[in-house]
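Read the figures in this text as sums done on the coordinates, not as results from a lab. Since the structure is predicted, the reported quantities are computational estimates derived from the model, not experimental observations. In this analysis, Cβ positions are derived from the backbone assuming ideal geometry, glycine residues included, and neighbour counts consider all displayed protein chains.
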Amino acid sequence: MWDFVGYTGVAVFILGGLALLVAAFRTSILWGLGCLIFSPLSLVYIVLHWGAAKFPFFVQLFGVFLFLAAVYIPYWSRA
């Protein structure tokens, strides 16, 4: 069961990243290309364009939460 949660978390994280790329391309083609080619620029984009990047950021954060839950909850339940 936790494998499914982990894979779902990775899928949600990837979808959030794609949504962030779409938001960057909607702002400007240069922002989109910059975020596509140089990933750390996405953090700058999130800070400068919080209104457009808020939803994709929280989607990615939820994906990380699901993945970490799938990794650590079975570990803690064995101890």
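Among the residues of region 22-46, those that are within 15 Å of the chain's Cα centre (by Cα) and surrounded by 14 or more Cβ atoms within 10 Å (Cβ to Cβ) comprise Ala23, Ala24, Cys35, Leu41, Ser42, Tyr45, Ile46. When Val5 is tested against (1) exposed (fewer than 11 other Cβ atoms within 10 Å of the Cβ); (2) in a helix (DSSP H, G or I), only condition (1) is not met. For first residues located in region 54-79 and surrounded by 13 or more Cβ atoms within 10 Å (Cβ to Cβ), partners that are charged (D, E, K, R) and lie 6+ apart or on another chain with Cβ distances below 8 Å form the pairs Ala70/Asp3.
Residue selection: Ser39 satisfies the criterion of being outside any helix (DSSP H, G or I) and out of contact with any helix residue (DSSP H, G or I) (no Cβ under 8 Å at 6 or more places or on another chain).
Among the residues of region 24-79, the ones that are of a type in the set (S, T, N, Q) and in contact with a Phe, Trp or Tyr (Cβ under 8 Å, 6 or more places away or on another chain) come to 2 in all.
Output the number of the condition that Ala19 fails; it satisfies all remaining conditions of (1) among the small types (Gly, Ala, Ser); (2) surrounded by fewer than 13 Cβ atoms within 10 Å (Cβ to Cβ); (3) touching a residue at least 40 places away in the same chain (Cβ under 8 Å). Here Ala19 meets the rest and fails (2).
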